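Reading through the structure tokens given below for one structure.
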Amino acid sequence: MSTLELLVFLPLLAALAVGLGAPARFTALGASVLVLLVAVYCAINFNTVVEGATQFASSRTLLEMPGFPKLSLAFGIDGISLVLVLLSALVLVAAVFVAPQESAIKGSAKLYYLSLLLIGGGAIGAFTATDLFFLYAFHELALIPTFLMIGIFGHGEGRVRTAWTITIFLGVGSLILLVGLILAVGALGGTTFDVASLIALAKAAPIAEGTQSWIFLLLFIGFGILVSLFPFHSWAAPAYAEAPTPVAMLHAGVLKKFGLYGLIRLAMPLAPAGAEKWLNLVLILLLGNILYIGLVTIAQKKLDRMLGYSSVMHMGYAFLGIAAGNVIGVSGAVLLMFAHGLSIALLFGLAGWMRDQFGSLDFDKFGGIAKSMPKLGLLFGFATFASIGLPGFANFAAEVEIFFGAFAGEDTTMTWIRWATIGALWGVVISAVYMLRAFRNLFMGPKPEALNTPADLSWGTRLPLLLLLVALLAVGFSPELLNQFIRPAVNGLFTAMAG
Amino acid sequence: MPVYYLEFIVVALGLVLLMVDAFAKLEDKRSLARLGILGLAIVFCLLFIVKAPEAAVGGIWRFYAAPDSLSLFFKGLALLSTILVLIMAIDYAPIVIAQTANPEDGAHPQAGLGEFFALPLFACAGLMWMSSANHLVSIFVSLETVSITFYILVAYLRRNVGSLEAGVKYLILGALSTGFLVYGFAWLFGVTGSMELPAITEALGKDGINTTAALFAFALILIALAFKLGAAPFHLWIPDVYQGAPTPVTAFLSVGSKAAATIVTLRLVSPFLASAPLVGKITAVLIVVAILTLLVGNLAALPQKNFKRLLAYSSIGHSGFLLMALASAPRASVANAMSPTTVVAFYLGAYLLMTLLAFLVLSSLRVAIPGEEIDSYRGLAKRSPFHAAALLVAMASLAGIPLTAGFFGKFFAFKMAIDAGQWWLLAAALVAAAAGFYYYLKIAVSMYFSEPAKGEEGAIRVSPLTGFAMVVLMILIVAAGVAPGVIVGLFS
């Protein structure tokens with residue numbers, strides 16, 4: 001068993017063990033910590049000089065049949081995958097850690113941890129698979145556990161409805177995506193599912209432009225639905241608000257990034273002409289994400305809904321980085337996936353703890369709790385700053401790279417993307433408005449009479465969240481920590497595309 | 001050992017069960033089923049060591065095709081489903097006893113149970129024979145062996161009106177379709193002058209053939225096959241019969257009868273598809289039937305409230321996918337294409353695994369949960385997490401979620417339609433798959449999202465044999481979903 005197979009199958013085997021009766025919390029926690037260790041091991045032994053090639057590669061042929069592409073269980077990571085694997089492992093540990101103690105879980109703790117492990121394993125599998133089928137299938141693996149988790153353990157009366165909504169949105173998105181992928185594989189000869197070979201084929205003999213335009217549109221909308229691209233975003237905020245805390249952390253933090261990953265890994269290299277053709281549509285929709293959803297976010301009256309919408313909004317930046325279509329922009333998008341994943345997981349983790357303690361997250365019931373709960377206030381403050389993108393946090397580094405990438409070029413003509421960048425910059429102001437307002441409403445000002453403040457965050461709760469915060473700060477102060485992995489991978493990607 | 005011994009062994013096993021039932025004084029007749037399972041398991045193992053009959057076998061073996069791996073694969077499917085049906089029948093026995101028992105004095109308390117275990121064996125022998133039949137007569141005889149056994153089994157619960165109604169409906173419509181089949185065979189013989197499939201294929205391929213007569217023969221045969229497959233518009237009997245029949249028989253119908261119909265369809269339609277003068281029209285008809293079946297089966301399943309009725313419509317829907325693969329069969333000239341036989345065989349294997357898993361759960365729950373409505377499974381996850389997990393796997397696979405066998409079944413069928421450029425068919429299949437996604441998940445909602453009804457909170461136990469079978473099926477479903485080569489390797 002290769003390193004990456006170990007990485008992918010650890011959570012899945014742990015899920016199986018939990019299903020067969022192993023102690024749920026202990027197994028889940030042990031497996032996720034091991035996953036983090038293996039991911040760090042990969043990062044330490046990663047060769048940052050080689051461009052483009054996947055490392056730690058392994059492959060097992062599963063099906064060879066006339067008329068059908070060769071199918072193999074193949075894994076391998078380049079810098080982009082590595083960063084996302086690190087993100088998944090960090091968030092998985094934190095999510096399993098903050099999962100409510102057994103007594104608080106309605107129904108079966110077994111099902112709860114089993115689903116978490118399946119979601120985590122699915123995400124890691126999707127980011128490490130180099131075979132198109134498994135890349136797709138591992139993402140789907142998370143679909144039913146998410147459905148069950150929200151429907152069974154979710155908050156609020158509308159949880160079954162919400163579970164259906166997210167499942168139908170993601171199911172339809174996946175189906176559109178599947179059609180696009182099948183068309184792409186067919187147009188490239190239909191002999192292989194290996195992503196690298198497909199990209200090489202697309203470069204050697206590009207798909208006809210008309211077909212490319214269809215393929216890109218299908219992939220863009222399919223992946224877009226998974227990333228809550230405007231106007232297909234309406235599933236995200238209610239789902240994150242009503243999902244159990246660890247699921248919100250994993251989904252908003254990790255799983256949603258799969259759509260962006262797919263755009264970078266598949267849509268761009270397989271249909272570059274299509275990407276060029278639809279650029280303006282992409283720009284309009286991403287401005288919808290940043291500006292329109294930004295305003296919607298300001299209008300929210302509950303913390304969890306606000307965080308849900310803010311995560312939809314921030315995806316607009318990632319789309320902008322990808323739309324820039326140059327090394328710095330795409331690298332920024334990858335870095336943003338990491339930064340946003342950690343910061344939103346941190347915020348959802350804190351919000352979930354507060355919901356448990358206070359029983360509500362309505363802004364107008366809160367106020368002035370920083371005085372009696374300084375640790376919570378401090379941690380939340382840091383998370384707020386990270387989410388706004390203040391310097392010193394990974395989010396800042398990522399957003400700067402994205403804006404530079406999108407504005408790049410030596411001439412002074414104002415292209416559409418430059419106008420879009422100017423529009424997108426206002427998003428920074430918008431996020432400052434809603435995040436700071438939220439912080440003021442919750443932690444500053446007079447404390448309402450009716451509000452009982454519980455004891456402050458315990459070490460057990462702080463530890464996993466601190467882990468996320470430390471990673472955010474470390475990458476924020478030294479983006480090179482991750483950029484050393486991302487740069488060669490993105491360089492390699494563009495070399496493979498352009499020749 | 002020549003391969004046709006296997007059918008003899010299965011028939012002999014069935015007779016032995018009947019004799020033991022008649023002459024041995026068994027306290028608990030369920031041991032008959034265990035004996036049957038053991039015997040079939042041995043035959044299943046024998047499948048791997050049989051060899052082809054000698055080259056020049058004459059006489060009756062002219063009717064028996066030399067065994068290729070595909071026919072062995074179908075024989076394996078028949079044996080496997082019969083074994084699983086017998087396992088279900090053991091769990092279901094209390095219901096059979098309650099609804100067939102004689103209140104007279106002195107009668108055995110389980111009188112009438114023995115045949116319930118013996119009859120599936122005869123159907124199994126018919127199915128196995130059919131997978132090797134290469135002559136119109138042997139196709140007909142083996143198909144009728146299976147059908148007649150089913151007429152008895154469907155109406156087996158003689159004190160249950162639903163079962164009797166189902167039996168009568170099935171008998172009348174089944175007899176009618178048999179009439180169409182024979183009449184079609186007669187015309188086919190008239191057109192081609194032969195009853196042997198290789199000769200028929202050759203005759204149909206010639207240019208001077210009477211196409212009108214050949215198409216008429218095809219139409220008659222297709223009506224009969226559509227009835228057996230449950231393809232629209234000849235599907236109307238399926239929901240009523242599935243709902244009324246005893247659950248293990250429903251399972252056997254939806255798998256065994258479907259497999260039989262599919263094999264015969266493959267054998268009988270292939271000569272027409274290989275015929276240059278006919279293939280265009282034949283494909284057009286098949287496409288229409290496939291589109292209708294896909295839409296009718298899957299859309300009609302949406303509002304169903306009875307679980308067995310839902311599975312009935314789902315079985316119609318799956319016939320649609322099988323027909324889709326057949327209708328997208330490539331013209332002979334295309335090199336390096338997927339063969340419809342491979343796709344259909346894989347789909348059938350996957351369908352068998354997931355459908356039987358669903359029915360195993362149903363029949364194992366039948367004693368504890370008297371109702372068969374979807375609502376009676378409310379809160380099942382709390383009463384028996386194992387049953388709920390197994391049903392969830394079955395439903396995920398039926399819905400075609402990746403990493404289950406069902407996904408590749410659908411994927412292969414889609415791929416064939418794309419390769420053939422059948423866009424309308426593809427559009428219908430997409431609608432069908434999306435609808436399936438919804439109604440299969442509805443079951444999961446009922447099991448996981450609601451509390452058990454009042455007074456029904458007790459935990460439910462599963463018998464070791466059934467539990468073992470369920471675990472094996474779950475493993476196979478996931479294995480075939482990760483590595484479809486596991487199944488494909490068996491027949492190609």
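The values are calculated or read from the model by the stated rules, or taken from the named source; none is laboratory data. The structure displayed is predicted, hence computed values, not measured ones. Here the Cβ is made from the backbone with ideal geometry for all residues, glycine too, and neighbour counts use every protein chain on show.
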Flag for A:LEU148 being over 18 Å from A:LYS256 (Cβ atoms), buried (at least 23 other Cβ atoms within 10 Å of the Cβ) and facing chain B (nearest Cβ under 10 Å): yes
Among the residues of segment B:420-430, is any facing chain A (nearest Cβ under 10 Å) and in contact (Cβ under 8 Å) with a residue 60 or more places away in the chain? no
Considering residues that are within 17 Å of B:HIS135 (Cα to Cα) and not polar (S, T, N, Q), the number found within segment B:176-218 is 23
Any pair with Cβ under 7 angstrom, 6 or more apart, that starts in segment B:465-492 at a residue that is under 15 Å from B:THR341 (Cα atoms) and at the interface with chain A (Cβ under 10 Å from one of its Cβ atoms) and ends at one that is of a type in the set (Gly, Ala, Ser) and crowded, with 23+ Cβ neighbours inside 10 Å: B:ILE487/B:GLY349; B:ILE487/B:ALA480
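Looking only at segment A:182-212, count every residue that is within 14 Å of chain B (Cβ to nearest Cβ), within 23 Å of A:ALA53 (Cβ to Cβ) and either in contact with a strand residue (DSSP E or B) (Cβ under 8 Å, 6 or more places away or on another chain) or among the hydrophobic types (A, V, I, L, M, F, W, C) (or both) and tell me the total. Show your work before the answer.
Step one: of segment A:182-212, the residues within 14 Å of chain B (Cβ to nearest Cβ) are A:182-193, A:211.
Next, only the ones that are within 23 Å of A:ALA53 (Cβ to Cβ) stay: A:184-185, A:188-189, A:191-193.
Cutting the leftovers down to either in contact with a strand residue (DSSP E or B) (Cβ under 8 Å, 6 or more places away or on another chain) or among the hydrophobic types (A, V, I, L, M, F, W, C) (or both) gives us A:184-185, A:188, A:191-193.
Final tally of qualifying residues: 6.
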If I ask for residues that are in contact with a helix residue (DSSP H, G or I) (Cβ under 7 Å, 6 or more places away or on another chain) and of a type in the set (A, V, I, L, M), which ones from segment B:446-461 would you list? B:MET447, B:ALA459, B:ILE460
Of B:PRO239, B:PRO233, B:PRO246, the only residue that is buried (at least 24 other Cβ atoms within 10 Å of the Cβ) and either farther than 17 Å from B:ARG267 by Cα or under 18 Å from the mean Cα position of the chain (by Cα) (or both) is B:PRO246
Taking segment A:354-386 and keeping residues aromatic (Phe, Trp, Tyr) and under 27 Å from the mean Cα position of the chain (by Cα) leaves A:PHE363, A:PHE380, A:PHE382, A:PHE385
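Is it the case that B:MET395 is in a helix (DSSP H, G or I), within 20 Å of the chain's Cα centre (by Cα), within 11 Å of another protein chain (Cβ to nearest Cβ) and within 30 Å of B:ALA41 (Cα to Cα)? Quick ask: steps written out before the conclusion?
Details: in a helix (DSSP H, G or I): yes; within 20 Å of the chain's Cα centre (by Cα): yes; within 11 Å of another protein chain (Cβ to nearest Cβ): yes; within 30 Å of B:ALA41 (Cα to Cα): yes.
Against the criterion (in a helix (DSSP H, G or I), within 20 Å of the chain's Cα centre (by Cα), within 11 Å of another protein chain (Cβ to nearest Cβ) and within 30 Å of B:ALA41 (Cα to Cα)), B:MET395 qualifies.
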The one condition in (1) under 25 Å from B:LEU403 (Cα atoms); (2) touching a residue at least 40 places away in the same chain (Cβ under 8 Å); (3) in a loop (DSSP other than H, G, I, E, B) that A:ALA28 fails to fulfil: (3)
Among (1) away from every other protein chain (no Cβ under 11 Å); (2) farther than 30 Å from B:LEU47 by Cβ; (3) buried (at least 17 other Cβ atoms within 10 Å of the Cβ), there is one condition B:VAL445 misses while meeting the rest; what is its number? (1)
Per the filter on segment B:398-410, residues facing chain A (nearest Cβ under 9 Å) and either acidic (Asp, Glu) or within 15 Å of B:GLY349 (Cα to Cα) (or both) are B:PHE407, B:PHE408
Find all pairs meeting these conditions: Cβ atoms under 6 angstrom apart; at least six residues apart or on different chains; first residue within segment B:359-384 and within 18 Å of A:LEU148 (Cα to Cα); second residue aliphatic (A, V, I, L, M) and not in a loop (DSSP other than H, G, I, E, B). B:TYR377/B:MET447; B:LEU380/B:ALA388; B:LEU380/B:MET447; B:ALA381/B:ALA388; B:ALA381/B:MET447
Assuming A:GLU449 fulfils every condition listed in (1) without any contact (Cβ under 8 Å) to a residue 12 or more places away in the chain; (2) touching a Gly at 6+ places or on another chain (Cβ under 8 Å) apart from one, which condition is it? (2)
Taking the options A:PHE348, A:PHE319, name whichever one is in a helix (DSSP H, G or I) and under 13 Å from A:SER228 (Cβ atoms). A:PHE319
Scanning segment B:380-392 residue by residue, the ones that are away from chain A (no Cβ under 11 Å) and modelled with pLDDT of 90 or more total 3
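Quick grid of which residues meet (1) away from every other protein chain (no Cβ under 14 Å); (2) within 19 Å of the chain's Cα centre (by Cα); (3) at pLDDT 85 or above:
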site: A:SER72; (1), (2), (3): no, no, yes
site: A:GLY76; (1), (2), (3): yes, no, yes
site: A:GLY79; (1), (2), (3): yes, yes, yes
site: A:LEU82; (1), (2), (3): yes, yes, yes
site: A:ALA95; (1), (2), (3): yes, yes, yes
site: A:GLU102; (1), (2), (3): yes, no, no
site: A:TYR112; (1), (2), (3): no, no, yes
site: A:SER115; (1), (2), (3): no, yes, yes
Tell me, which helices (runs of 4 or more DSSP H) lie completely within segment B:185-274 with 3 or more residues that are in contact with a Ser or Thr (Cβ under 9 Å, 6 or more places away or on another chain), among the small types (Gly, Ala, Ser) and farther than 20 Å from B:SER71 by Cα? B:211-229
